[in-house]
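The values are calculated or read from the model by the stated rules, or taken from the named source; none is laboratory data. Computed from a predicted structure; not experimentally measured. Cβ coordinates were reconstructed from backbone atoms using ideal geometry, including for glycine residues, and neighbour counts include every protein chain displayed.
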Ligand SMILES: [Fe+2]
Ligand SMILES: [Fe+2]
């Protein structure tokens, strides 16, 4: 796909995420139950995150391939030391271990589901860092 087309798609995604942000902000004001409000708060945070991702993508899509292509660009190890990434991986592993063990013993369904939900994120964080360290 050519870069102009991609830039267009990123631009319209930014607008869609902005609409979602407004909608989730409104929903949060209507909802009293803390667990449901939390669900919408997370959707709101994810929409802000996605908006940010599309903004950065849009900003950088016009760069030369050498600055853009992961295969051609500098290795992540030139910016962050492997030891540092290993430490982050270890942190995520600690979180995964603790949350897993806690979720197993929690009787309250709401709390357990929220913990399992965080666990999914921690597993994702872990795999993101694992992929990153492969690029060193
Ligand atoms: Fe999104
Ligand atoms: Fe994490």
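Numbers below:
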{"read-out": "Per-region count, segment 121-130, residues loosely packed, with under 15 Cβ neighbours inside 10 Å and without any contact (Cβ under 8 Å) to a residue 40 or more places away in the chain", "value": "4"}
{"read-out": "The one condition in (1) assigned by TED's automatic domain parsing to the domain that holds residue 132; (2) assigned to a helix (DSSP H, G or I) that residue 66 fails to fulfil", "value": "(1)"}
{"read-out": "Sole exception among (1) in the same structural domain as residue 1 (by TED's automatic domain parsing); (2) surrounded by 12 or more Cβ atoms within 10 Å (Cβ to Cβ); (3) in a helix (DSSP H, G or I); (4) out of contact with any helix residue (DSSP H, G or I) (no Cβ under 7 Å at 6 or more places or on another chain) for residue 57, by number", "value": "(4)"}
{"read-out": "Pair list, Cβ under 7 Å, 6 or more apart: segment 39-54 residue under 23 Å from residue 113 (Cα atoms), other residue near ligand 1 (Cβ under 9 Å from one of its atoms) and at pLDDT 95 or above", "value": "47/17; 47/20"}
{"read-out": "Failed condition for residue 80, given (1) part of a helix (DSSP H, G or I); (2) away from ligand 2 (no atom under 16 Å from the Cβ); (3) within 14 Å of residue 129 (Cβ to Cβ)", "value": "(1)"}
{"read-out": "Residue satisfying condition, being closer than 30 Å to residue 7 by Cβ and either away from ligand 1 (no atom under 16 Å from the Cβ) or exposed (fewer than 14 other Cβ atoms within 10 Å of the Cβ) (or both), within set 70, 115, 91", "value": "70"}
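Yes/no per residue for (1) away from ligand 2 (no atom under 16 Å from the Cβ); (2) in contact (Cβ under 8 Å) with a residue 24 or more places away in the chain:
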| position | (1), (2) |
| --- | --- |
| 73 | yes, no |
| 84 | no, no |
| 89 | no, yes |
| 103 | no, no |
| 115 | no, no |
| 119 | no, no |
| 132 | no, yes |
